[in-house]
Amino acid sequence: MFVKTDVSNPADCENLVKQAVQKYGKLDIAFNNAGIGGDTAPIGEYSIDAWNKIIAINLSGVFYGMHYQIPQMLKNGGGVIVNMSSVLGKVGLAGASGYVAAKHGVVGLTQNVALEYGQQGIRANCIGPGWVDTHLTHGMTQQKAADEMMINVSPMKRLGKIEEIVDLVLWLSSDRASFCNGAYYPVDGGTLAG
């Protein structure tokens, strides 16, 4: 089922959850994955509009999603939330202050859900991909230089594959990860190790 949703709009996020519950009867698992790369510039030159847009989608969108997902999960006696952060949820990147701030915020929100709802049967974890071969990375300006930079920051000297992220999402959503809660899982080819 597809429900067109602007995650920066709380009413859209509420509607998405309502549609899912109406169609399937309950909500067991939520994956908050929508995001944008956003503009790049040093903080002193970063556009206020660009800041507001990336925070609205990459951070507030995750909050709005969980805000409406959690009450539905509580009705079931629990559920699983997986949030998409980034390797930049743990480190900075010059020129990407909006993205970095949003992704750090996603890590913090995930930890708070674990603390606030763990005893009520809701698990929340987040994933921190490094550079992955997606349409988001293909859209970067100066593509050849961007490709070289993305490959060179990983000790494995390659981009990640979407399937490598999906497998972790599925595992975290399963009962096999029943004691995993409030954690940040990097999938970055070793980028954070350096």
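The values are calculated or read from the model by the stated rules, or taken from the named source; none is laboratory data. No experiment lies behind these values; they were computed from the predicted model shown. All Cβ positions, glycine included, derive from the backbone under ideal geometry; neighbour counts span all protein chains shown. Surface areas here come from the heavy atoms of the whole protein model, side chains and all, with no ligands, DNA or RNA. Shrake-Rupley method; radii C 1.70, N 1.55, O 1.52, S 1.80 Å.
Summary table
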| item | result |
| --- | --- |
| For TRP51, solvent-accessible area (1.4 Å; no DNA, RNA or ligand), Å² | 90 Å² |
| Translational D in µm²/s for the chain (Stokes-Einstein at 4 °C, 1.567 mPa s, Kirkwood Rh from C-alpha pairs) | 75 µm²/s |
| Fully extended contour minus Cα-Cα distance, from GLU164 to GLN120, at 0.36 nm per residue | 12.8 nm |
| Cα-projected label distance for LEU192 with LYS18, points at 7 Å along beta-carbon direction, nm | 3.7 nm |
| Helical segments meeting 24 Å axial Cα length and Kyte-Doolittle -1.0 threshold in the chain (DSSP H) | 97-117 |
| For the chain: accessible area per residue (Å², 1.4 Å) | 55 Å² |
| Fully extended contour minus Cα-Cα distance, from ASP49 to TRP171, at 0.36 nm per residue | 40.2 nm |
| Listed residue pairs exceeding 32 Å between alpha carbons, taken from LYS18/LYS53; LYS4/LYS75; LYS23/LYS90 | LYS23/LYS90 |
| Heavy atoms of THR40 accessible to a 1.4 Å probe, total area in Å² rounded to 10 | 110 Å² |
| Exposure ranking of LYS53, LYS26 by accessible area [1.4 Å probe, largest first] | LYS53, LYS26 |
| Residue-wise HN-Hα coupling along segment 77-84, computed from phi with Karplus coefficients 6.51, -1.76, 1.60 (Hz; x: Gly, Pro) | x, x, x, 10, 10, 10, 10, 8 |
| Residue-level accessible surface for VAL153, protein heavy atoms, 1.4 Å, Å² | 60 Å² |
| Anisotropy class of segment 40-92 from Cα gyration tensor, a/c 1.5 cut | oblate |
| Residue of ALA11, ALA114, ALA34 that the Gaussian network model of the chain assigns the largest fluctuation, springs spanning Cα pairs under 10 Å | ALA11 |
| Around GLY194: net Lys/Arg minus Asp/Glu count, Cβ-Cβ under 14 Å | +1 |
